[in-house]
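Peer 1: Take a look at this one; I'll ask things after.
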Amino acid sequence: MYGFYRVAVAVPRLHLANPVRNSGEILAIMEEAAPKAPAVILFPELSLTGYSVSDLFFQERLYRAQNEGIERILEATRTLDSVVVLGFVLRFADRLYNCAAVLQRGEILGIVPKSYLPNKREFYEKRQFNSGRDIVRETVVYLGREVPFGVDLLFDDGRGLLFGVEICEDLWAVTPPSNHMASNGANLILNLSASNELVGKAEYRAELVRTQSARLVCAYAYASSGVGESSTDTVFGGDCMIAEYGSMLARGERFRGDSQLVSADIDVEKLRGLRLAEGAYGDARRKKVRRIPLSPLPIPDRNERFIDPHPFVPSDPARRNERAVEILAIQAHGLRRRLEQARVRRAVLGISGGLDSTLALLVTVEAYRLMERSTSEILAVTMPGFGTGGRTRRNAKILCEKLGVELREIGIEKLALEEFEAIGHDPEVRDVTYENVQARARTELLMNLANQENGLVVGTGDLSEIALGWSTYNGDQMSMYAVNAGVPKTLIRYLVEYHALIHPELREVLEDILDTPVSPELLPPKEGEITQETEKVVGPYELHDFFLYHFLKYGAEPAKILYLATLAFEGHYDEETIRHWLRTFLRRFFTQQFKRSCMPDGPKVGTISLSPRSDWRMPSDADFEAWLEEL
């Protein structure tokens with residue numbers, strides 16, 4: 001469903017040089033895996049014999065026993081929809097090849113030989129095996145069947161999954177076979193391995209798998225032989241893992257004496273979208289391949305993948321703090337460069353006591369620190385209007401005092417009333433005109449002050465507001481440099497939290513700002529309380545940021561976004577609530593493009609940006625009906 005496939009990697013308990021017992025262990029894992037409905041079950045390299053039998057590979061008895069074991073496994077697959085991929089020895093043209101067999105529904109769909117044979121230090125594969133890297137468009141008769149044989153095989157289910165197979169050392173080569181498989185459309189690479197354990201090797205191996213999945217924009221499944229291999233000179237730990245586009249989805253436990261099965265749900269629709277939209281994937285050279293059709297694959301009852309409800313925010317606190325440092329550096333250095341290029345004396349920004357203006361001020365202070373200039377040159381302006389509350393006003397003042405910036409207070413009520421009178425608007429009619437007059441008055445003041453003070457207006461609006469068009473055109477939508485333009489609302493909250501963590505002197509005021517409801521404060525308060533809470537009008541920002549990520553990152557369709565959101569926010573929002581706000585997101589995203597088409601410069605900090613000069617280009621008059629229809 002929606003491009004998800006379950007992939008299983010297995011490390012069976014190994015009985016060295018005993019194919020009968022090994023085939024029994026493989027059959028037991030296949031039986032264990034069946035209820036999980038995996039599309040593919042991957043076993044290690046030479047899984048029928050063991051990798052470390054050395055010159056016993058030349059023995060006729062071992063070869064025949066291996067073939068008998070494969071016959072048993074092949075018979076068991078007749079009632080199994082999952083594809084089984086296992087390692088074995090093949091004799092072809094009076095040579096031995098280290099191979100992977102791809103089995104489904106009682107058939108051998110293809111045999112893939114190993115391309116790169118290690119022949120150094122503890123590995124001497126060329127003593128027994130031959131490289132198969134030049135074998136293409138070949139067939140072999142094995143177990144009485146004519147089977148496609150070669151490194152040019154890809155296996156296609158016809159619904160989106162296309163996988164290729166490489167073996168152990170192939171991944172470690174300068175040009176892994178998986179490079180060519182991926183350039184021909186393979187979105188899942190399976191690696192059967194026998195990788196021994198050395199100090200530090202496990203981390204390197206995992207990084208190799210993870211980075212290959214990122215480089216190829218694919219999923220990568222890896223299964224290696226376990227402790228049953230010979231320990232004469234080396235020890236094998238049974239490492240197994242599944243990665244997708246640079247992220248480790250699942251990893252097994254090494255050095256287990258028993259069998260283990262690890263699975264993860266991969267998203268091939270997402271991978272396809274990423275390939276279409278990102279990087280130089282389309283420029284990769286293609287080769288001729290043979291696509292082998294698969295029978296229909298099993299579909300799991302429920303998605304087991306963790307769907308992060310906050311995709312812009314790292315869940316690990318340590319990584320989150322590292323990310324905060326990096327984002328601050330990007331924002332501050334971007335602003336520093338612009339201030340120096342403009343040759344201005346002062347940074348001018350509106351400070352409301354809310355999250356966005358707080359982060360913008362913190363970034364501006366850091367930029368001045370980088371320039372070795374006094375923060376007193378920063379001009380922060382609080383502009384109370386009809387809806388300004390005492391809490392935000394007080395917090396703005398405290399924050400500016402503690403940061404050592406100049407704070408000016410200029411009320412906008414008189415300006416707004418004069419504007420109402422000039423255009424003939426009744427101030428008791430608190431509609432969009434009532435709100436936008438105030439927003440534009442604030443921007444006008446900031447722009448004029450910047451002219452007067454030889455300054456530059458620093459914008460405070462964030463990525464989430466830009467996506468929703470939650471700004472006043474030529475009001476807070478406009479500035480001279482928008483430092484928060486690449487930062488979504490959910491991430492801004494954590495960035496401010498990080499500042500509270502590392503600056504004890506700011507902690508109290510920052511924590512109170514974090515605790516204040518998000519509001520433009522354009523409507524009068526009632527009994528001193530904010531009456532205009534943004535998230536009650538446009539919806540929860542955590543939902544909108546989730547929608548934005550999946551909509552832009554890989555072009556997910558609305559039905560899939562809804563499906564993912566119901567999994568991610570299970571127990572927090574019901575499906576109809578999510579559907580309602582997703583419709584709001586889509587409608588606003590399309591209708592508010594005109595504001596993005598003329599948005600000011602600002603730094604990109606993550607993989608998603610809405611700048612019309614770089615990441616996102618769309619017409620302002622596009623129709624959104626097709627997207628809403630799907631919901």
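The values are calculated or read from the model by the stated rules, or taken from the named source; none is laboratory data. Computed from a predicted model, the values in this text were never measured in an experiment. Here the Cβ is made from the backbone with ideal geometry for all residues, glycine too, and neighbour counts use every protein chain on show. Protein only, heavy atoms only, side chains kept; ligands, DNA and RNA dropped before computing areas. Shrake-Rupley method; radii C 1.70, N 1.55, O 1.52, S 1.80 Å.
Peer 1: If you take the square roots of the eigenvalues of the alpha-carbon gyration tensor of segment 516-631 and sort them as a ≥ b ≥ c, do you get rounded (a/c under 1.5), prolate (a/b over b/c) or oblate?
Peer 2: Because a/c hits 1.5 or more and a/b fails to exceed b/c, segment 516-631 counts as oblate.
Peer 1: OK, next. Is there a quick way to get the dipole size of segment 266-369? I mean about its Cα centre, with the Cβ of Lys and Arg at +1 and of Asp and Glu at -1; what is the value in debye to the nearest 20? Each step should come with its number before you reach the end.
Peer 2: Working: 21 positive and 13 negative charges, 157 e Å.
Value, rounded to 20: 760 debye.
Peer 1: Next up: As an exercise, find the ratio Rg/Rh for the chain from alpha-carbon atoms, using the Kirkwood inverse-distance average for Rh. Could the numbers behind the result be given before it?
Peer 2: Working: Rg = 30.4 Å, Rh = 27.7 Å.
So for the chain, dividing Rg by the Kirkwood Rh gives 1.10.
Peer 1: Shifting gears a bit: Quick one: net charge of residue 137's neighbours, Cβ under 9 Å, K/R +1, D/E -1?
Peer 2: Surrounding charge for residue 137 is 0.
Peer 1: Counting only heavy atoms of protein chains, what accessible area per residue, in Å², does segment 102-167 have with a probe of 1.4 Å?
Peer 2: 43
Peer 1: First compute the accessible area of the chain with a 1.4 Å probe, then give the percent of it belonging to carbon and sulfur atoms.
Peer 2: 48
Peer 1: May I pose another question? Lys/Arg Cβ at +1, Asp/Glu Cβ at -1, dipole of the chain taken about the Cα centre: which of 141, 106, 154 is farthest positive-ward?
Peer 2: Positive-most Cα among the choices belongs to 141.
Peer 1: To the nearest 20 Debye, how big is the dipole of segment 455-534 about its Cα centre, given +1 on the beta carbon of each Lys and Arg and -1 on that of each Asp and Glu?
Peer 2: In total the dipole reaches around 340 debye.
Peer 1: Each label point is 7 Å from the Cα along the Cα-to-Cβ direction; what then is the distance between the points at residue 537 and residue 473, in nm?
Peer 2: Distance between the two pseudo-spin positions: 1.7 nm.
Peer 1: For the chain, with only Lys/Arg (+1) and Asp/Glu (-1) charged at the beta-carbon, what is the dipole magnitude about the Cα centre, in debye rounded to 20?
Peer 2: It works out to roughly 2080 debye.
Peer 1: For an R0 of 60 angstrom, estimate the FRET efficiency from the Cβ-Cβ distance between residue 258 and residue 333 and round to the nearest 0.05.
Peer 2: Working: r = 53 Å, r/R0 = 0.88.
In this case the efficiency is close to 0.70.
Peer 1: If we sort 417-424, 225-232, 239-246 on the protection proxy, mean other Cβ atoms within 10 Å, highest first, what's the order?
Peer 2: Listed from highest to lowest mean packing, they are 239-246, 225-232, 417-424.
Peer 1: Sticking with this one: Determine the percent antiparallel among the DSSP beta bridges restricted to the chain, to the nearest 5.
Peer 2: Details: 41 of 75 bridges.
Of all bridge pairs located within the chain, approximately 55 percent are antiparallel.
Peer 1: Can you spot the lysines whose alpha carbon is less than 17 Å from residue 114's alpha carbon? Ignore those fewer than 8 places along the same chain.
Peer 2: Within the straight-line limit of under 17 Å, residue 114 reaches these lysines: 126.
Peer 1: Based on the Kirkwood radius over alpha-carbon pairs, what value in µm²/s does the Stokes-Einstein equation return for the translational diffusion coefficient of segment 1-72 at 37 °C and 0.692 mPa s?
Peer 2: It comes out at roughly 249 µm²/s.
Peer 1: With the other protein chains left in place, how much accessible area per residue, in square angstrom, belongs to segment 184-255 at a 1.4 angstrom probe? Provide the component values of the computation, followed by the final result.
Peer 2: On the way: 2430 Å² over 72 residues.
In whole numbers, segment 184-255 has 34 Å² accessible per residue.
Peer 1: Take residue 306, project a point 7 Å from its Cα along the Cβ direction, then tell me which residues of segment 1-33 have their backbone nitrogen under 20 Å from it.
Peer 2: What the label zone holds, given the 20 Å backbone N cut-off, is 4-9.
Peer 1: With θ set to phi - 60°, apply the Karplus curve 6.51 cos²θ - 1.76 cosθ + 1.60 along segment 148-164 and write out the HN-Hα couplings as whole Hz, x wherever there is a Gly or Pro.
Peer 2: My calculation for segment 148-164 gives x, 9, x, 8, 9, 9, 10, 10, 10, 8, x, 10, x, 8, 9, 10, x Hz in order.
Peer 1: Label segment 279-361 by shape, choosing from rounded, prolate and oblate, from the square roots a ≥ b ≥ c of the eigenvalues of the Cα gyration tensor; if a/c is under 1.5 it is rounded, and otherwise prolate applies when a/b is larger than b/c, oblate when it is not.
Peer 2: oblate
Peer 1: Among 555, 537, 568, pick out the residue whose Cα is farthest towards the positive end of the charge dipole of segment 506-589, where Lys and Arg carry +1 and Asp and Glu carry -1 on C-beta, about the Cα centre.
Peer 2: Of the listed residues, the answer is 555.
Peer 1: Here's something else I'd like to know. Specify whether the C-alpha gyration tensor of segment 88-240 places it in the rounded, prolate or oblate class, a ≥ b ≥ c being the square roots of the eigenvalues: rounded for a/c under 1.5, otherwise prolate if a/b is larger than b/c and oblate if not. Don't skip to the answer; put the middle values down first.
Peer 2: Numbers: a/c = 1.75, a/b = 1.18, b/c = 1.48.
Verdict is oblate for segment 88-240.
Peer 1: Given the -39500 (n - 2.57) contribution per DSSP H run of 4+ residues, what per-residue ellipticity at 222 nm results for the chain, rounded to the nearest 500 deg cm²/dmol? Numbers along the way, then the final one.
Peer 2: On the way: 20 runs with 239 residues, N = 631.
Theoretical 222 nm ellipticity from helices: -11500 deg cm²/dmol.
Peer 1: Among 133-142, 596-605, 109-118, how do they line up by average Cβ neighbours within 10 Å per residue, starting with the highest? Please report the intermediate quantities before stating the final value.
Peer 2: Numbers: 133-142: 15.6, 596-605: 18.8, 109-118: 23.1.
The most tightly packed comes first, giving 109-118, 596-605, 133-142.
Peer 1: Using only Cα atoms, find the angle between the long axis of helix 317-342 and the longest principal axis of the chain, and express it within 0 to 90 degrees, rounded to the nearest 10.
Peer 2: That helix lies at roughly 50 degrees to the long axis.
Peer 1: Relative to the longest principal Cα axis of the chain, at what angle does helix 432-452 sit, 0 to 90 degrees, rounded to 10?
Peer 2: In the chain, helix 432-452 runs at an angle near 80 degrees to the longest axis.
Peer 1: Please compute the net charge surrounding residue 106, taking Lys and Arg as +1 and Asp and Glu as -1 over other residues with Cβ under 11 Å from its Cβ. List each step's numbers first, then the result.
Peer 2: On the way: positive: 78, 105, 145; negative: 71, 75, 107.
Net charge in that neighbourhood comes out at 0.
Peer 1: Can you give the FRET efficiency to the nearest 0.05 for residue 618 and residue 156, using r as the Cβ-Cβ distance and R₀ = 22 Å?
Peer 2: 0.10
Peer 1: Angle check, please: helix 60-76 long axis (alpha carbons) against the longest principal axis of the chain (alpha carbons), in degrees 0 to 90, nearest 10.
Peer 2: On a 0 to 90 degree scale, this one is about 50.
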